[in-house]
Amino acid sequence: MASSTNSTPADDQTEPPSIGIKRVETAQDSKAQRLLRVDQISIRKDSIGSMLAATEVDIKSVLLKEVLLEIFDGVEGLSLNKTPPMCSPEILFHAKDALTSRKADEKEKDDPNQILINDIGTALRFINEDFGPQIQSLDSLLNNGEITFDLLWALMKPKDFVVSMQFRLTGQSQALSVVSGTYLRRQNSTNYFKLNGRMISHDGEDFGYGFVDTEIDEFDGARKITSLTAYPIQYDPNPDILRFLSRLRGRVMADPEAWKFNNGWTDLASPIIQREHSITGKDLDLRDDHLLICANWINGFSLTHKSWGQFSVDGLEDIVWNEDAFKKLVIDETRRKLIHALVRAHRQDDASFDDIIENKGKGLVGLLSGSPGVGKTLTAEAVAEVTSRPLYQVSTGELGIDADKVDKRLGMILEITRRWGCVLLIDEADVFLATRGIDLARDTLVSIFLRRLEYFRGVLILTTNRKSEIDSAFQSRIHFSIHYPDLTESGRVIVWTNFIDTVSKQTGTPSLDSADIEKLARLELNGRQIKNAVSCAVSLAREEKEPLSVNHIEMILSITNL
């Protein structure tokens, strides 16, 4: 960096002299030192050979120091309150526009402070002299929307807002407030610019400032600003800068506090909220700029993928519950009403009836048995829809067979489903329901499940294909049990009609006539097979750019093993 010389000041040549600032350049274990005075600016160079290790500007003017503190209010790492007040030349450079504006405002006052005007003028002359070549290069580059690697520091001003495209949590863009920027070198000798940014975040306990680093690798020549992994927000071509770049389909439970149940999740990590930066419990006057840097994600759980993660707030919306789902079940009307009434009436904290032991017996457990594809899983899904509850579906295969792991995972699942008021569906739960005998490993799993079930306070629905093999201890814990017979022809008519009518509404195409549906219903297929046949037929019709017809369905049935 060029040091100040005896060049003519760029402006304010007629203003009286003022003791304003001096520049101090230092290096550890310095071998040489020289002091040069130019008007009001003193420059001391400490060097090792030709290399300067650090540069600071000594702010002598108390008035100038106060203005700089006002400009950089909230910026960390400044030494303006030390004795003597210090700042880096780069920080002073970043204050150029604000100082120019402050000087103009002071001149417009009825009783301007001439000393302040002079001191700001001294600082501006220092900036123009010391950064003259960089200012010219920067102006030329910015006019073309470009920047060079060596001028990244000038582009990223403290407190300015930037768009970070390297946000590791979700891979989406995130607005940050610039804290600092540093040129660094990796162990493999590659250079990069590390931008430290601040955002308002929440870790489930504290609400405060989180800090995120964005790295910009060294590049040759000039590059478009918007091609960088981080750039000032004013250069973003998209007015909706916080748009979620990739939406996750499926239902999500947004619950930052329940992040403690995140067992072993290491792929994504929240920005660090240091205790001294916590703003929980404080009265906040959130301005638009605060809202801009709020984390555009929230900790939550994907019920579809059964995994924890950070989800874009922009990608979340209220669930539209399917209130007609229960009507489409092929089930006896009396049993339909019974299930509906039991689940709707159940409340987690309902203390109207309890076990002799406190907190025991407050759960609602249902058992659905029958052959595959007769509507057991669909019943659980419908129950969740009509009662506006999330559905947490898990199979015994996902729980595993190791007793300790099953106990731990089952405990976590039961707790979060209780917390969220979920309908918990355990599909093919035969291993937990089987009569205990001489198989010690299986008996252990049954015992674990029974113990966990004692204190469960939510809604649990289990499905099984073998009702006759249920352990007697479990039978006493069942509140309702329904056996589903194989679908009759009339039942298959209802199932075919439901699936085909759904497709018709989604595509805006006519449904099949009753004769075609009755023809299909003569085939002895279960509900899952019918669903798969319709799904494949829809894909075939879409490929042929035709509305769904019975011919598409018959073609699928003829070439598959449904």
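Read the figures in this text as sums done on the coordinates, not as results from a lab. All values derive from a computational prediction rather than experimental measurement. All Cβ positions, even for glycine, are placed from backbone atoms using ideal geometry, and neighbour counts span all protein chains on display.
Applying a threshold of 20 Å to the alpha-carbon distances of K306/K505; K306/K408; K362/K405; K327/K531 flags K306/K505; K362/K405 as lying beyond it.
Find how much the distance from K505 to V62 grows on full extension, using 0.36 nm per residue of separation minus their present alpha carbon separation; answer in nm with one decimal. Can you show the working numbers first?
Numbers: separation 443, 0.36 × 443 = 159.48 nm, distance 7.35 nm.
Contour length minus the Cα-Cα distance gives 152.1 nm.
Counting Lys and Arg as +1 and Asp and Glu as -1 over every other residue whose Cβ lies under 15 Å from the Cβ of V538, the net charge comes to -1.
Annotation for K224 and D404: the two label points, set 7 Å from Cα along the Cα-Cβ direction, are 5.6 nm apart. The residues M199, M156, when put in order of fewest to most other Cβ atoms within 10 Å, stand as M199, M156.
Note on N551/S476: beta-carbon distance plugged into 1/(1 + (r/R0)^6) with R0 of 45 Å gives a FRET efficiency of 0.30.
Can you tell me how much longer the chain between S88 and A515 gets when fully stretched, taken as 0.36 nm per residue apart minus their C-alpha distance, in nm with one decimal?
Numbers: separation 427, 0.36 × 427 = 153.72 nm, distance 8.40 nm.
Contour length minus Cα-Cα distance gives 145.3 nm.
Going from the residue with the fewest nearby Cβ atoms within 10 Å to the one with the most, H340, H202, H483 rank H483, H340, H202.
Return D407, D119 ranked ascending by Cβ neighbour count within 10 Å, so the fewest neighbours appear first. Let's see the in-between values first.
Details: D407 18, D119 27.
Ordered by Cβ neighbours within 10 Å, fewest first: D407, D119.
Computed from label points 7 Å out along Cα-Cβ, the spacing between H340 and H305 is 3.6 nm.
Between K327 and R466, the FRET efficiency from the beta-carbon distance, with R0 = 35 Å, is close to 0.75.
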